[in-house]
Amino acid sequence: MIEIYLLEQLVAFETYGTLSAAAEYLHISQPALSHSMQKLEELMGVPLFHRQKNRLALNENGRLTAEYARKILEQERDMVERVRLFDKSRRTITLGSCAPVPVSDIVPLLSGQYRGMTISSEIVNSDEELMEGLMKGSYQIVVLHHDPKKDGLYAVPFRRERLYLSVPEQHPLAEKDEIVLSDIDGQNILLFTQIGFWYEFCKEKLPHVHFLMMNEFDAFSEVAEAGSFPSFASDVLLRQNGMPEGKKIVPILDPEVDVTYYLVCKTTDQKLFQPVFRRLHTIK
């Protein structure tokens with residue numbers, strides 16, 4: 001039986017090309033690595049190396065063995081990750097969301113339905129990363145801002161969110177009753193960074209904006225309320241928190257600022273999460 005550490009050392013040798021470089025990477029002595037390579041060769045029952053004075057190199061057998069070793073090590077890492085995720089999923093439901101607002105919608109539904117389970121959530125900047133996490137088991141359920149339209153997934157739309165611009169009353173943009181994104185480009189805009197895909201959206205659609213970035217929400221709220229810079233406002237939060245004093249809320253006409261969120265799980269988990277999907281109509 002070939003032990004995993006021998007395969008790891010073989011791959012290191014192939015990668016670094018010499019015993020000394022591989023031993024340094026592995027934090028072991030060069031004689032210890034040489035002994036391991038001899039042991040692996042004996043276990044395989046075929047020569048794996050060309051041996052010359054002061055030089056060791058893989059032969060064709062060795063290169064093929066290293067190729068298989070890489071695959072085995074990748075499968076071993078995948079096995080460990082999947083088993084750990086499976087164990088975690090028995091005790092924890094992890095929600096991945098593309099934006100903050102859906103987290104405050106969905107986490108209470110999950111907490112109410114699955115008492116005794118730990119509910120955790122993460123905000124991720126892209127639907128693609130969320131889909132990858134859902135398929136791998138890092139998330140049991142996700143919120144996307146596009147309908148995935150993919151076999152093996154169950155998706156239900158449940159919430160819309162629209163961006164507005166919150167502008168100090170003395171700011172030139174306050175003279176406008178509506179704007180498009182190009183009206184904002186080139187301005188100084190205060191931006192909270194922990195907003196999921198909206199962050200990437202702002203960076204992509206407004207390449208010439210001078211963003212004043214903040215990653216602490218309380219500090220951002222304080223500066224946005226009292227400061228002289230425009231910032232983005234969500235219609236959802238405006239309904240919940242009311243209109244800010246001393247600001248004009250200007251509609252943005254571009255259709256991209258109006259998004260629909262979808263709650264998504266694997267079809268194999270549809271029955272498990274059906275009580276949550278049934279309660280989506282209660283979200284306002």
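Each row is one residue, and each column tells you yes or no for (1) in contact with a Cys (Cβ under 8 Å, 6 or more places away or on another chain); (2) on the phi > 0 side of the Ramachandran plot; (3) in contact (Cβ under 8 Å) with a residue 12 or more places away in the chain; (4) not assigned by TED's automatic domain parsing to the domain that holds GLU76.
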site: LEU10; (1), (2), (3), (4): no, no, yes, no
site: THR15; (1), (2), (3), (4): no, no, no, no
site: TYR25; (1), (2), (3), (4): no, no, yes, no
site: LEU33; (1), (2), (3), (4): no, no, yes, no
site: PRO47; (1), (2), (3), (4): no, no, yes, no
site: HIS50; (1), (2), (3), (4): no, no, no, no
site: ASN54; (1), (2), (3), (4): no, yes, no, no
site: ASN61; (1), (2), (3), (4): no, no, yes, no
- Mind telling me which of the residues VAL107, VAL101 ends up being in contact with an Asp or Glu (Cβ under 6 Å, 6 or more places away or on another chain), part of a helix (DSSP H, G or I) and not assigned by TED's automatic domain parsing to the domain that holds ALA12? VAL101
- Item | Hits in the range 179-238 - residues which are touching a residue at least 24 places away in the same chain (Cβ under 8 Å), surrounded by 14 or more Cβ atoms within 10 Å (Cβ to Cβ) and among the hydroxyl-bearing types (Ser, Thr, Tyr) | TYR199, SER231, SER234
- Task: Within the range 45-54, identify whether any single residue is under 26 Å from the mean Cα position of the chain (by Cα) and either closer than 12 Å to LEU6 by Cβ or not basic (Lys, Arg) (or both), and answer yes or no.
- Result: no
- Item | Subset of the range 83-99 [among the basic types (Lys, Arg) and farther than 30 Å from PHE158 by Cα] | ARG84
- Task: Scan the range 31-84 residue by residue and report those that are modelled with pLDDT under 90 and surrounded by 12 or more Cβ atoms within 10 Å (Cβ to Cβ).
- Result: LEU56, GLU81, ARG82
- Could you check how many residues of the range 223-280 are touching a Leu at 6+ places or on another chain (Cβ under 9 Å) and under 15 Å from VAL180 (Cα atoms)? 13
- Task: Would you check if PRO168 is free of Cβ contacts under 8 Å to residues at least 24 places away in the same chain and not charged (D, E, K, R)?
- Result: no
- Query: What number of residues within the range 246-279 satisfy the criterion of being free of Cβ contacts under 8 Å to residues at least 24 places away in the same chain and either assigned to a strand (DSSP E or B) or closer than 22 Å to SER166 by Cβ (or both)?
  - Reply: 1
- Go through the residues of the range 268-275 one by one and say whether even a single one is of a type in the set (A, V, I, L, M, F, W, C) and exposed (fewer than 13 other Cβ atoms within 10 Å of the Cβ). no
- Note on the structure: Quick count over the range 130-157, residues being part of a strand (DSSP E or B) and either in contact with a Gly (Cβ under 9 Å, 6 or more places away or on another chain) or surrounded by 20 or more Cβ atoms within 10 Å (Cβ to Cβ) (or both), is 5
- Query: Since LYS39 meets every condition but one in (1) more than 34 Å from the chain's Cα centre (by Cα); (2) farther than 25 Å from MET79 by Cβ; (3) not in a strand (DSSP E or B), which condition does it not meet?
  - Reply: (2)
- Filtering helices (runs of 4 or more DSSP H) wholly in the range 158-234 for at least 1 residues that are modelled with pLDDT of 90 or more, in the same structural domain as LEU253 (by TED's automatic domain parsing) and more than 29 Å from ILE141 (Cβ to Cβ) gives 181-184
- Per the list (1) buried (at least 20 other Cβ atoms within 10 Å of the Cβ); (2) more than 20 Å from TRP198 (Cβ to Cβ); (3) of a type outside the set (Lys, Arg); (4) within 13 Å of the chain's Cα centre (by Cα), residue check on ASP127 breaks on (2)
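The values are calculated or read from the model by the stated rules, or taken from the named source; none is laboratory data. Since this is a predicted model, take the numbers as computed values, not measurements. Using ideal geometry, Cβ is built from the backbone for each residue, glycine included, and neighbour counts are taken over all protein chains shown.
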